[in-house]
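The values are calculated or read from the model by the stated rules, or taken from the named source; none is laboratory data. All of these numbers come straight from a predicted model, not from anything done at the bench. Reconstructed Cβ throughout: ideal geometry from the backbone, glycine too, with neighbour counts over all protein chains shown. Surface accessibility is based on the protein's heavy atoms, side chains included, excluding ligands, DNA and RNA. Shrake-Rupley method; radii C 1.70, N 1.55, O 1.52, S 1.80 Å.
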Amino acid sequence: PMKNVFSDKIELKRLAVQRNLLWEYEAPVYQRIIQDRKNMVLLDVGCNDGRKTIERFDRKNFAKVVGLDCLTELVEEAGQAFGDDVFSFYYCDVAQENFAEAIKAIMEQEKIASFDIINCSFLLMHLEEPGRVLEGLRQFLAPEGILVVIEPDDTTSKMQPDPENIFGQFLDTLARDPYAGQRDCGNKVFGLLQQSGYKNIALQLAEITAHKGEGKKKEDIFTTFCSYLPEDMLLLQQEAAGNDAYQACQEWVQNNFADLRRLITAPETEIAFGMKIYTCGGKVDAY
């Protein structure tokens, strides 16, 4: 299940911190893709309220940017706030069997033949059939188009020092949180892209890191990757009362969350959260 919490002020603040943190890592990748190219058409799948779409792609290289999301209220909010001759936002749930037909109808309405870039950021981790979605999207890439996929990969997340394995316990708890999505999704992306017929699959980024002395960055990492867990646990307790597994997770959060924050933000801490950024092509062997 996916939370619809984007209207919550705390969540909006967390998402703003997340956008800023991730941009440090995403910007060089996007820059390599779009530099010296003009009149590009981009599809942003999972655009939420449109803020991230605007921040990433509001530049002269793009003639048209289409954002898709499965929550109608977010699409409407994005359209009202940011819709113009370049940016448009549509409801489309790629988890549905007929999502490709919905995209074709949008492309016809917008007079779009294909997309130079398809962007999927933290999307696949919330899907039961990510391979089917990737395969369905490939047909919409231009001959030299590029798919960008960004997903978490907690199989490579680590922190030192962690003498009592608090960080490891946090990752185990997070893996049991259905609202957090599939936290190892990034580890599976390469195989999914291969199976879906993509070419020239390249890993552009493997992890987000913070080192000794990077206190502000560690705070941002905690806010982005950890701060939502207590709220998730409360929601799960309400929705699945009597579930022993969730009860155990809730107790862990109550007993250890303050220590987790202290450890992550400590001056001597070295931390890495796995986050994979892949680029690939759909129809040609080189781009």
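Data for the structure
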| item | result |
| --- | --- |
| Difference of contour (0.36 nm per residue) and Cα-Cα distance, ALA105 to THR156 | 14.4 nm |
| Net charge contributed by nearby residues that have their C-beta within less than 9 Å of ASN187 (K/R +1, D/E -1) | -2 |
| Neighbourhood charge, 13 Å Cβ-Cβ cut-off, centred on PRO267 and excluding it, Lys, Arg +1 and Asp, Glu -1 | +1 |
| ALA266-LEU203 FRET efficiency (beta carbon distance; Förster radius 25 Å; 0.05 resolution) | 0.25 |
| Contour excess over end-to-end distance, with Cα ends at ALA175 and LYS60 and 0.36 nm allotted per residue | 37.4 nm |
| Cα gyration tensor shape of region 163-287, rounded if a/c is under 1.5, else prolate or oblate by comparing a/b with b/c | oblate |
| Surface per residue (accessible, 1.4 Å probe) for the chain, Å² | 47 |
| Highest-MSF residue in the chain out of ASP69, ASP36, ASP93 [GNM, Cα springs under 10 Å] | ASP36 |
| Radius 11 Å from Cβ of GLU97, net charge of other residues (Lys, Arg +1; Asp, Glu -1) | -2 |
| C-alpha long axis of helix 72-82 to longest principal axis of the chain, angle in ° | 70 |
| For peptides 158-169, 14-25, sequence by mean Cβ density within 10 Å, most packed first | 14-25, 158-169 |
| Percent accessible area from carbon and sulfur atoms, the chain, protein chains only, probe 1.4 Å | 48 |
| Value of Rg to Rh for region 164-213 (Rh from inverse mean 1/r over Cα pairs, i.e. Kirkwood) | 1.09 |
| Dimensionless Rg ratio for region 67-113, taking C-alpha atoms and the 2.2 N^0.38 Å reference | 1.14 |
| Amide H contacts of THR156 (H built 1.01 Å from N, under 5 Å, at least 5 apart or other chain) | GLY274 |
| Listed peptides 212-224, 122-134, 95-107 by packing density, highest first (mean Cβ within 10 Å) | 122-134, 212-224, 95-107 |
| Label-point separation, GLU144 to ALA27 (7 Å along Cα→Cβ), nm | 2.7 |
| Stokes-Einstein D for region 83-227, Kirkwood Rh over Cα pairs, 25 °C, 0.890 mPa s (µm²/s) | 139 |
| Packing rank of 193-200, 44-51, where each peptide gets the mean count of other beta carbons within 10 Å, highest leading | 44-51, 193-200 |
| Helical mean residue ellipticity (222 nm; -39500 (n - 2.57) per DSSP H run of 4+; nearest 500) of the chain | -14000 deg cm²/dmol |
| Cα gyration tensor category, rounded, prolate or oblate, for region 19-139 with a/c compared to 1.5 | rounded |
